[in-house]
Amino acid sequence: MHPEYSVSSSLTVSGIVCVGLMGIGFLVWKYINIPPAFLPILFVGAVLFSFALITVVVYQSLRMYASAHSIARDITSEILTYSRELFSELYRNSPVPYILIDKTGIIESVNFSAARLFSIEIQKFEGVDVFTLIEGEDEQKIALIPEYFKQGRFVNDVEAIVHEMDGKVHWVMLSLFSFRDTNNDLKGLMTLVDITKQKQIDKAKTEFVSLASHQLRTPVSAMRWNLELLATATGTQLSELQQSYVQKISRGLERMQTLVDDFLNVSKLELGTLSIQRSTFDLTQFFGLVVEEYRAYAATRGVEVETNWNEPFGTFSSDSHLLNMAVSNILGNAIKYTPVGGKVRAYAFLDEKTLTIAIADNGIGIPEEDQEMIFSKLFRASNAHSHESDGTGLGLYIVKEAIRILGGTITFESKQGVGTTFTVILPT
Ligand code: ADP
C-alpha cells in the first residue's frame, strides 16, 4: 500500500475513535455530575489522549508500510537473481551451440556446446571475428550474413560449414538475430545446430539414386534400340495393332529415359560431381539446334514456336551441355504448359557483358501462391497436373542449379491464365 493511503486510513480510524471519545465525554458530562473545575482538565486530557492515539496509529501504519515494501523488494530481487541465474545456466549448458557477438561480429562469449563443436577452449574464442569461422558451399549466401546482421535483419536456417581445430568438418544450420542490450548497443546471438548426420544420410541417399540411375540407363537404352529394330525390321510386317503397342512401349521408354536422366542430373548436382566443361561454341548453331529439337514436339501439341534473335550471334564461351540442359527444359516447359493454339516466343540477345535468354508463353501460368516454391525439387504447381499429368517437378530445380554453376541468374514473371516468361542472364 502507498504511504499516503496508510496515513489517511489511520487518520480516519483515529478520527472515528476521537469522535467516539467526545461522545462518551458528552454523555458523562450530561448524566454524571462532574464538578465544573474538572471540566478543563478532562478536556485537555481527552485532546492529549486523542493526539497520542493518532501519533501511535500513524507511526504503526508507516512502519507496516515500510516493512511490506522491503519484503516486496526482497522478493523481486530474489526472482530477478533466480531468472538471471536460470538464463545464464540455460545459455551455458544448452545443447544448442550459442555465440554472442558485438556489432562488428567479434565474439564476446560462447557456450559449452559451441566450444565442443569447434573443439576449442571457451577462452580462446574471445576477440575472434565470428564470420571468419563460417564457410559454405553457397559463398554468396554466406557473404550476405554479416551484411544482414549489420542491417539488423534476421538470418534464418542457412546451411554452413565450420571446422574443428584438427580440420574435421561439421555441417550446421546457422541462425543469427540481432538485439540491443541495456546500453542500446547492437549485439547478435548466433545458433549453430549440427546437421552433419542428416547431411551424411542425405549424401548416402543421393549416392544411391545416382547409382540406381546409372544402372537403369543401360537397359533402358538397350530396350529403345531393340524396339526401333523391331519397328523397322525388314521382312516382318507389323499389324496396326502391333504398331500401336510398339508406339506405346516407345513412349513409355522415352518417359523412363527422361526420368532416369533427371534423377542422374539431380544426384550429380547434389554430389557436386557435375563439373563445368567450358568450350567456345557458335551461339547461332546452338539456339538453332535447341529449337529444332522441340519443333516436332510443339507441332504435336498444337503450339507455335517463334524465335527472335539478333543473328548471327558469334561465339560464346560456356558449358554448352549445361546451357542446353537449362534452355531445353525451359522451352520444353513453355510448350508443355501452353494449351493448343498458344504461342511460345524465344528471345536471345548478346552484348559485350551478358547473354540474355528469355522464353515467354501465353499458357496456363503459375498461381501466385506457388511461385515461391517453383524452383524446389519435386514441386509442381497446383494447376500443372490437370493440364499435363506427366511431370516430375525436377526440371526447374536442375535449370536453377545449372544456371548457378554457370555463374548466371534465372528469374520469371507469371500470371495464372495469362502466361509465363523465364529470363536467364549469363556473364560473357
Ligand atoms: P515438371 O516435370 O512438372 O514440368 P519442372 O520442374 O520443370 O517440373 O517445373 C515445375 C513446375 O513449374 C511445373 O510442374 C509447373 O507447375 C510449373 N511450370 C514450369 N514452367 C511453366 C510454364 N512455362 N508455365 C506454367 N507453369 C510452369
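The values are calculated or read from the model by the stated rules, or taken from the named source; none is laboratory data. Note that this is a predicted model, so its numbers are computed, not measured. Cβ: placed from backbone, ideal geometry, glycine included. Neighbour counts: every protein chain shown. Please note that ligands, DNA and RNA were not included when accessible areas were found on the heavy atoms of the full protein model with its side chains. Shrake-Rupley method; radii C 1.70, N 1.55, O 1.52, S 1.80 Å.
Please count how many residues of region 380-407 are within 9 Å of the ligand (Cβ to nearest atom), surrounded by fewer than 16 Cβ atoms within 10 Å (Cβ to Cβ) and part of a helix (DSSP H, G or I).
2
When you go through L192, L117 one by one, which is the residue that is open to solvent by less than 90 Å² (accessible area, probe 1.4 Å), modelled with pLDDT of 90 or more and not in a strand (DSSP E or B)?
Within the list L192, L117, the selection yields L117.
Is it the case that F263 is more than 15 Å from the ligand (Cβ to nearest atom), hydrophobic (A, V, I, L, M, F, W, C) and within 26 Å of R404 (Cα to Cα)?
Here the answer is no, as F263 does not meet what is asked.
Scan region 88-114 for residues that are open to solvent by 20 Å² or more (accessible area, probe 1.4 Å), aliphatic (A, V, I, L, M) and in a strand (DSSP E or B) and jot them down.
Those that are open to solvent by 20 Å² or more (accessible area, probe 1.4 Å), aliphatic (A, V, I, L, M) and in a strand (DSSP E or B): L100, I106.
Does S376 satisfy being open to solvent by 80 Å² or more (accessible area, probe 1.4 Å) and either at pLDDT below 95 or more than 8 Å from the ligand (Cβ to nearest atom) (or both)?
Criteria not met by S376.
Find all pairs meeting these conditions: Cβ atoms under 8 angstrom apart; at least six residues apart or on different chains; first residue within region 305-324 and touching a residue at least 60 places away in the same chain (Cβ under 8 Å); second residue open to solvent by 70 Å² or more (accessible area, probe 1.4 Å).
F316/T280; F316/T428; S317/R278; S317/T280; S317/T428; S318/R278; D319/Q277; D319/R278
Against the definition (part of a helix (DSSP H, G or I) and either near the ligand (Cβ under 7 Å from one of its atoms) or open to solvent by less than 30 Å² (accessible area, probe 1.4 Å) (or both)), how does I410 come out, yes or no?
Considered against the rule, which asks whether it is part of a helix (DSSP H, G or I) and either near the ligand (Cβ under 7 Å from one of its atoms) or open to solvent by less than 30 Å² (accessible area, probe 1.4 Å) (or both), I410 comes out as no.
Counting just the residues of region 260-297 that are of a type in the set (S, T, Y) and under 27 Å from the mean Cα position of the chain (by Cα), which one comes out surrounded by the most Cβ atoms within 10 Å (Cβ to Cβ)?
Among them, the one singled out is S267.
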